[in-house]
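Down below is the structure, laid out as structure tokens.
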Amino acid sequence: MSHILFISHSRSTHGAETVMIQAVKACVARKARVTVVVPSIVPDEGLEKALNSLHGVQILPLPYRAAGGNMLRTYFVRLYNLGAMNSLVRYIEQEQVSAIYSNTCISILGAELAHRTNTRHIWHWHESVDERFGWHFTLTKYYQRLVTYTDTLVFISQHQLNEWEETLQLNLSKNRVIYNPLKPITPKPEEKRLSKQGICIGFIGHFEERKNLPLLLQTFVSLHAKEPKTRLRLCGATGKRDYTYIQHITDLHEPDLTILPQTTEVTQFYRDIDILVLPSWRETMPLVVLEAMQAGVCVLQTNRSYMTELLEGGKETLFFSPDKPEELEQLLLLCMDEEYRLSIAKAGQKKALQLVQNQSFDDQIATLLCE
């Protein structure tokens, strides 16, 4: 029986952790033994609850950190992680671990551990090259070395792989491109789309700088002056600071602007909107895009995304540059035309449902880990 040691970089259920949970499920389905290492220094934000729902999965909390930023921080992280490293070396030897899985590029513990124990290492990189690091030659040299400790690097798109090869100045021959698993979303009824209250524009995600929310808010203020029946719903607030942040940027109030708390129950949100806008400065493979498209929502998104690899702009979705406000407003004005908006939504829904039906994430990741 294979024994897979998963190393998470956080204890949340967002982004890379969502993908890791699905990889855990795929391995459990293959009758593998699974242990998930989680950082005990941060509070649990739902990851352990999700893992406890899976039969036979062992959770191992240890004090360790993820890298990031620069080589100096990474050096101190390596020192901090020594205690967890020594504990895991003993665990691997005693429990006959057959493979280590690390779930982000900033999770360096797995690669170091694989080198210490001569254990097969699968490293799943979700980030773009400029998302977390200020690259310096010392950090590049360090990552070049970590790559040699890794049996397979898993990327979420070919575009991402090419970017990392250029940054690390390496031919990353030991790689696999596996698209992230897609969550099936129930399509919304046709009558919900034909709202008499005006077009509803939506955003869902973290209220953080890289999401470029000021662009959406400022564009909506301009659009609202021309189309006063339009409404905006923002989903993802985690506290009073997020509400204050949004209200500081825009002078719109209810019912034109609605701020909703973060939620995992996204189906109703998609049913309530006509257009999803993702204005981020940079995205990798934002699954909210394909969720919304499945639900029959017209999606406008940044062209700095690996989704350009999967979707046809102008037909299945609409791409715009996040540093050109006029592009977003022009596209939103085009989408005020119901026939045009629904044509994009219909083509996008067809493509998204096709991608969900044809996805092979579970087979690919389980075969890779349990071989």
**Complete:** So, with points 7 Å from each Cα along the Cβ direction, the HIS248-MET1 label distance in nm works out to 5.3
**Request:** With the Cα gyration tensor of region 225-356 in hand, convert its eigenvalues to equivalent ellipsoid semi-axes via √(5λ) and list them largest first in whole Å.
**Result:** 23, 17, 15
**Request:** Determine Rg/Rh for region 1-108; Rg is computed over alpha-carbon atoms and Rh is the Kirkwood hydrodynamic estimate from the same atoms.
**Result:** 0.96
**Request:** For region 44-194, go through all pairs of different Cα atoms, get the mean of 1/r, take its inverse, and jot down that Kirkwood value in Å.
**Result:** 17.4
**Prompt:** Okay, helix-only estimate at 222 nm for the chain: each DSSP H run of n ≥ 4 adds -39500 (n - 2.57), divide by all residues, round to 500 deg cm²/dmol; what do you get?
**Reply:** -13000 deg cm²/dmol
**Request:** Distance from a point 7 Å along Cα→Cβ of SER173 to each backbone N in region 141-162: keep the residues under 16 Å and list them by number.
**Result:** 147-153
**Request:** Over 31 Å between C-alpha atoms is what I'm after, so list which of LYS141/LYS324; LYS25/LYS350; LYS25/LYS324; LYS31/LYS183; LYS49/LYS211 land there.
**Result:** LYS141/LYS324; LYS25/LYS324
**Prompt:** Using mean Cβ contacts within 10 Å as the protection proxy, how do 199-208, 295-304, 259-268 order, highest first?
**Reply:** 295-304, 199-208, 259-268
**Asked** Looking at LEU168, THR244, LEU334, which one has the Cα that reaches farthest to the positive end of the dipole of the chain (charges on Cβ: Lys, Arg +1; Asp, Glu -1)?
**Response** LEU168
**Message:** With every atom except the alpha carbons ignored, what do you get for Rg and Dmax of region 278-371, in angstroms?
**Reply:** 14.9, 52
**Message:** What do you get for the angle between helix 240-249 and the principal long axis of the chain? Use alpha-carbon atoms, 0 to 90 degrees, nearest ten.
**Reply:** 50
**Complete:** Note: the chain, point scatterers on Cα, Debye, no solvent; log10 I/I(0) at q = 0.10, 0.12 Å⁻¹ equals -0.67, -0.94
**Request:** Take region 88-134, compute every pairwise Cα distance, and split them into 10 Å bins from 0; I just need the percent in each bin.
**Result:** 26, 47, 20, 7
**Cα-centre dipole for region 203-288 with unit charges at Cβ (Lys and Arg positive, Asp and Glu negative), debye to 20** = 80
**Asked** Taking neighbour counts of Cβ atoms within 10 Å as a proxy for exposure, in what order, fewest first, do SER321, SER8 appear?
**Response** SER321, SER8
**Request:** With r as the distance between the Cβ atoms of TRP281 and LEU54 and R0 = 45 Å, compute the FRET efficiency 1/(1 + (r/R0)^6) and round to 0.05.
**Result:** 0.80
**Item:** Added length on full extension, which subtracts the Cα-Cα distance from 0.36 nm per residue, THR367 to LEU333
**Value:** 7.5 nm
**Request:** May I ask you to list the aspartates and glutamates whose Cα is less than 12 Å away from that of LYS229, ignoring any residue fewer than eight positions away on the same chain?
**Result:** ASP256
**Request:** For VAL221 and GLN354, calculate 0.36 nm times their separation in residues minus their Cα-Cα distance, and state this gained length in nm to one decimal.
**Result:** 44.3 nm
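Computed from the coordinates by the stated procedures, all read-outs in this text should not be read as laboratory data. Given the structure is predicted, the values throughout are model-derived calculations rather than measurements. Cβ coordinates were reconstructed from backbone atoms using ideal geometry, including for glycine residues, and neighbour counts include every protein chain displayed.
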